[in-house]
Amino acid sequence: MKVKELPENTLQRLIIYLRVLEYLEREKIDPISSEDLARRCGVNSAQLRKDLSFVGNLGTKGVGYSVKSLKYSLKKFLGRNHEWNLILGGINPLANFLLENSQLFKEGFNFMAVFDTRDEYIGKVYSGLSVYNLSQISYVVRNIRVDIGVITADETPELYLETFLREGIKAILNLSNVPLFSENEKIKIENFSFPFILTKLSYFLKLYEEK
């Protein structure tokens, strides 16, 4: 099954399974039963087995799952078995945090270039990367492979999206506070912001208080 055919909720759960398996491997827990793995992942064992059926026949009856083998299979299925090149648009504290985050590098997500539109940032160096003017992006993407564009800009995030799309970038993580979308089904944009997530939690608290 192609990734694009995978239900979104299933994909999210598979990513959770992978994170839990990475933790289990660090803790040297291997093998693990489907019931125990399901509990640690916040689902029931039937849901776990159904989700993992998209990846393959991975368990052993009476034994459960090999943590190392299942983690390998999930990483391969999710495209995490090789490295991806990222570019970043918009210097701010969040951008600095991402560029300095060694965990992203360890997991195969490598920032290759940084862009901004403000003169005061052009030419400055952040975590070993010089900031290019956004107008120079064509020159940069001709010389390096770019897989994912990350938008952190506080101002005009739409400009970065338009520019990234024009350069053929098909996977974009939008961390600005303005939701961004594309009508092109071949473009994948993930919108994420802390206010968005915290608003979901505030709604939960409001419901709880009203009961």
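Per-structure values
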item: From the options 43, 55, residue that is closer than 25 Å to residue 107 by Cβ, at pLDDT below 95 and not in a helix (DSSP H, G or I); result: 55
item: Residue under evaluation residue 72, criteria (1) outside the structural domain of residue 18 (by TED's automatic domain parsing); (2) free of Cβ contacts under 8 Å to residues at least 12 places away in the same chain, criterion not met; result: (1)
item: Residue count, the range 166-177 (criterion: under 18 Å from the mean Cα position of the chain (by Cα) and either at pLDDT 95 or above or of a type in the set (Val, Ile, Thr) (or both)); result: 8
item: Residue check, residue 71 touching a Leu at 6+ places or on another chain (Cβ under 6 Å) and in a helix (DSSP H, G or I); result: yes
item: Selection from the range 75-89 of residues that are at pLDDT below 95 and touching a Lys or Arg at 6+ places or on another chain (Cβ under 6 Å); result: 81
item: Residues located in the range 179-202, provided they are modelled with pLDDT under 95 and within 14 Å of residue 153 (Cβ to Cβ); result: 193
item: Only listed residue being touching a residue at least 40 places away in the same chain (Cβ under 8 Å), in a loop (DSSP other than H, G, I, E, B) and at negative phi, chosen from 182, 176; result: 176
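Listed here are the residues, each with its yes/no results for (1) without any contact (Cβ under 8 Å) to a residue 12 or more places away in the chain; (2) part of a loop (DSSP other than H, G, I, E, B); (3) more than 23 Å from residue 186 (Cα to Cα); (4) touching an Asp or Glu at 6+ places or on another chain (Cβ under 7 Å).
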| position | (1), (2), (3), (4) |
| --- | --- |
| 91 | no, yes, yes, yes |
| 95 | no, no, yes, no |
| 103 | yes, no, yes, no |
| 114 | no, no, yes, no |
| 123 | yes, yes, yes, no |
| 131 | no, no, yes, yes |
| 138 | no, no, no, yes |
| 149 | no, no, no, no |
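The values are calculated or read from the model by the stated rules, or taken from the named source; none is laboratory data. In this text, all values refer to a predicted model and were calculated from it rather than measured experimentally. Cβ sites come from the backbone with ideal geometry, for glycine too, and all protein chains shown count toward neighbours.
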